[in-house]
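These notes are about the structure you will find just below.
The values are calculated or read from the model by the stated rules, or taken from the named source; none is laboratory data. Please read all numbers here as calculations on a predicted model, not as lab measurements. We place every Cβ from the backbone using ideal geometry, glycine too, and count neighbours over all the protein chains shown.
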């Protein structure tokens, strides 16, 4: 079995890796190709180009990279029309993946979209496009399948990975030990995002805020995740 799969950002890379591992348990001979990050590569993905080329957000950044994004998508469509996979799975990133799914499904390639666009919250009209593009939508929120079914979209609830990977009540003492922090005292977590464009825009004011707080909170420790 050969599966085409595309993730466009670190959160999608994490979701896709879990899905790939589950598919491999059921079908050990499955092969994956497409676009993804390090976690998907660990599951055997043959990536056609670096995922970072798709990791853009914000109107200005998207417009600046739009010609390249369209070229990349056309290249993927051409490749998979010439070498059809048994199944294509788009991981979130609806602005990129739904167009890809539309082209592949029109040529008879089965398509699945993992993580429903938030059509229940805003721009509900997008559900019409979703109905045309994905034969099945895998949902991470339990109320989504019922909503999508009312619009003629086949959907299944598969759970939210955060509910499995992270405890509802974190162990603060264990976290402090893991981060080599004192047992007591204020801690500030800076979370400037996962995309390079996000970090470049958000990190400077975050760092400025941390500097100001350190002057008013004695012993403040600042932590931030790194890739």
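Remarks
- From the list 227, 149, the one residue that fits, being under 30 Å from residue 20 (Cβ atoms) and modelled with pLDDT of 90 or more, is 149.
- Filter result (in contact (Cβ under 8 Å) with a residue 40 or more places away in the chain and within 14 Å of residue 12 (Cα to Cα)) within the stretch 81-98: 89, 90, 91, 92, 93, 96, 97
- When 184, 174 are screened for being over 30 Å from residue 103 (Cβ atoms) and either in the same structural domain as residue 16 (by TED's automatic domain parsing) or part of a helix (DSSP H, G or I) (or both), only 174 passes.
- The residues on offer are 181, 190, and the sole one that is within 22 Å of the chain's Cα centre (by Cα) and either surrounded by 13 or more Cβ atoms within 10 Å (Cβ to Cβ) or farther than 20 Å from residue 48 by Cβ (or both) is 190.
- Some residue of the stretch 135-145 being part of a helix (DSSP H, G or I), surrounded by 13 or more Cβ atoms within 10 Å (Cβ to Cβ), at pLDDT 90 or above and outside the structural domain of residue 96 (by TED's automatic domain parsing): no
- Complete set of residues in the stretch 77-95 that are within 19 Å of residue 132 (Cα to Cα) and part of a helix (DSSP H, G or I): 77, 80, 81, 94, 95
- Scanning the stretch 110-126 for residues that are without any contact (Cβ under 8 Å) to a residue 40 or more places away in the chain and part of a loop (DSSP other than H, G, I, E, B) turns up 110, 116, 117, 118, 119, 120, 121, 122, 123, 124, 125.
- Selected residue (only one of 118, 111, 102 is surrounded by 13 or more Cβ atoms within 10 Å (Cβ to Cβ) and in contact with a strand residue (DSSP E or B) (Cβ under 8 Å, 6 or more places away or on another chain)): 111
- Some residue of the stretch 193-214 being at pLDDT below 90, exposed (fewer than 11 other Cβ atoms within 10 Å of the Cβ) and more than 30 Å from residue 104 (Cβ to Cβ): no
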